[in-house]
Amino acid sequence: MSQATDERSLCLVIFDLDRFKRVISQYGSDQSHALLQACLLRVRQSLANIMVHDDSHSSAKGKAIPAAIPVPILGQLSDKEFAVLLPGDVDKSINLQKVEAILRQISVPIKIAERSVYLSASAGVAMAPKDADQAGDLLSAAHSAVRMAKRIAGNSVVFCTPQLAANEARTMETENRLREAIAGNELEMYFQPQASVRTGDVVGVEALVRWHHPDLGLMSPESFIAIAEEAGITAELGCWAIQSAIAEICRMERHGLPPLQLSVNVSADMFTGLSGRDLVAHVRQALVREGMAPQRLTLEITERSIIDENGNGPQVIDALKALGVKLALDDFGTGYSSLSYLKALPIDELKIDKTFIMGNAKEDRAFLRAIIMMAKTLNMSVLAEGVETRDQLVRLYEEGCDLYQGYLCSPPVPAHALADVIKTRFPGTSNPQADCNRIMIKKGHSR
């Protein structure tokens, strides 16, 4: 490969079927395998058409440039990935046309069990010798490109560039270190208090993962959750968080911390396929191991976890409720916000995203009031996130919100500091919420 010239270049394309795990979850492994084989047959037909076009194009130009390989090569890499090795062209647009022709064939619906299934794929392209002159390096370059294509959107094409390859190398290094961090106890649980809007008492905490990166220092979830999702280790990270949070809270209670409701985030990936059943089993084992009552654990789920026609979110939710844990719908209003799901599923708590409490216009107040009234009608408690000012707190009091969390209450703190925060920030009259309540009473708004 290292002897290739521009006239004898190779074009390696990796295709990664978008959201194919959902297809497997819905149709099962046998039918999903049949889908993949039907898709590969389409690709072979498309490659045959490409070769016919290339032959006619060369004849029209009056000469045939010898290709680095005589015919395209198609190979399956995994249950949702396959690679195509094509004779390359010095004109990037021609290579793009070939890849897009294959993507169009993949997007044509396939009949399975009397149903039309629509597939799409992300494609990553690497050229030899421009991007790499060794087979392994070329494969890595194409993988870097397809991962970027999946980040951008489905059914898209990305060509490898030196900058992309360098960024991907850093991402892979971070991914490997994150795997080691989960196993090597480099992760730490922080806790953010949740307080009653009416009394100011701290009644619960939300557990939040922090990573002590060897080079970058303390990292918040926003810095590494996307990497965990792409690496397929969000379930592993989530299980670690559930076990660690329960163990840490129970340990602190043995040293005098008052009993608090514990909230832990659960990713949507933990609700799909077999991992959903694994989630229920893991939660049960963690509770039994530490002796915590299931009712004291609240799992925060997102709308994506339950509004997924190819997943099994509702079934997992029912199993968790049967176990006795509570469920909170996180970031309400920022996703699908299906009221039918909200009515049908046994959600205990609605967490209002901070975007709905930041505005103070008449319309903002009306929307906030409507969310709280709807939750109350459905017998759900309401917790407002991201509360930073007293004005926001007063507004929540007036509208009947139950709980709040945010920097006005307390930022997330490590476990060893939680007890001191509760003692020093919330004793009697020094509680900022108690001051707020007195203001409300003076205004005649006592509840």
- Item | Residues (at pLDDT below 85 and either part of a helix (DSSP H, G or I) or touching a Phe, Trp or Tyr at 6+ places or on another chain (Cβ under 9 Å) (or both)) located in the range 1-29 | Asp6, Glu7, Arg8, Lys21, Arg22, Val23, Ile24, Ser25, Gln26, Tyr27, Gly28, Ser29
- Task: Assess whether Leu77 counts as being among the hydrophobic types (A, V, I, L, M, F, W, C) and surrounded by fewer than 21 Cβ atoms within 10 Å (Cβ to Cβ).
- Result: yes
- Query: So is Leu139 surrounded by 17 or more Cβ atoms within 10 Å (Cβ to Cβ) and either assigned to a helix (DSSP H, G or I) or in contact (Cβ under 8 Å) with a residue 60 or more places away in the chain (or both) or not?
  - Reply: no
- Requiring at least 3 residues that are touching a residue at least 12 places away in the same chain (Cβ under 8 Å) and either crowded, with 16+ Cβ neighbours inside 10 Å or not assigned by TED's automatic domain parsing to the domain that holds Leu350 (or both), the strands (runs of 3 or more DSSP E) wholly within the range 176-249 are 187-196, 202-213
- The number of residues in the range 104-125 that are touching a helix residue (DSSP H, G or I) at 6+ places or on another chain (Cβ under 9 Å) and either among the small types (Gly, Ala, Ser) or closer than 25 Å to Leu12 by Cβ (or both) is 12
- Message: Given the criteria surrounded by 13 or more Cβ atoms within 10 Å (Cβ to Cβ), free of Cβ contacts under 8 Å to residues at least 60 places away in the same chain and hydrophobic (A, V, I, L, M, F, W, C), does Ala101 qualify?
- Response: yes
- Take the range 149-168 and flag every residue that is part of a loop (DSSP other than H, G, I, E, B) and over 15 Å from Arg19 (Cβ atoms). Cys160, Thr161
- Picking from Ile422, Ile441, which residue would you name as being at pLDDT below 90 and surrounded by 20 or more Cβ atoms within 10 Å (Cβ to Cβ)? Ile422
- Enumeration of residues in the range 297-349 that are surrounded by 22 or more Cβ atoms within 10 Å (Cβ to Cβ), part of a loop (DSSP other than H, G, I, E, B) and modelled with pLDDT under 75: Gly311
- When you go through (1) assigned to a helix (DSSP H, G or I); (2) touching a Cys at 6+ places or on another chain (Cβ under 9 Å) one by one for Leu119, which number turns out not to apply? (1)
- Message: Taking the conditions exactly as written (touching a strand residue (DSSP E or B) at 6+ places or on another chain (Cβ under 6 Å), of a type outside the set (S, T, N, Q), in the same structural domain as Ala419 (by TED's automatic domain parsing) and modelled with pLDDT of 95 or more), does Leu262 satisfy them or not?
- Response: yes
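The values are calculated or read from the model by the stated rules, or taken from the named source; none is laboratory data. Nothing here was measured: the structure is a model prediction, and the numbers come from that model. Neighbour counts are summed over all protein chains in view; Cβ atoms, including those assigned to glycine, are modelled from backbone coordinates with ideal geometry.
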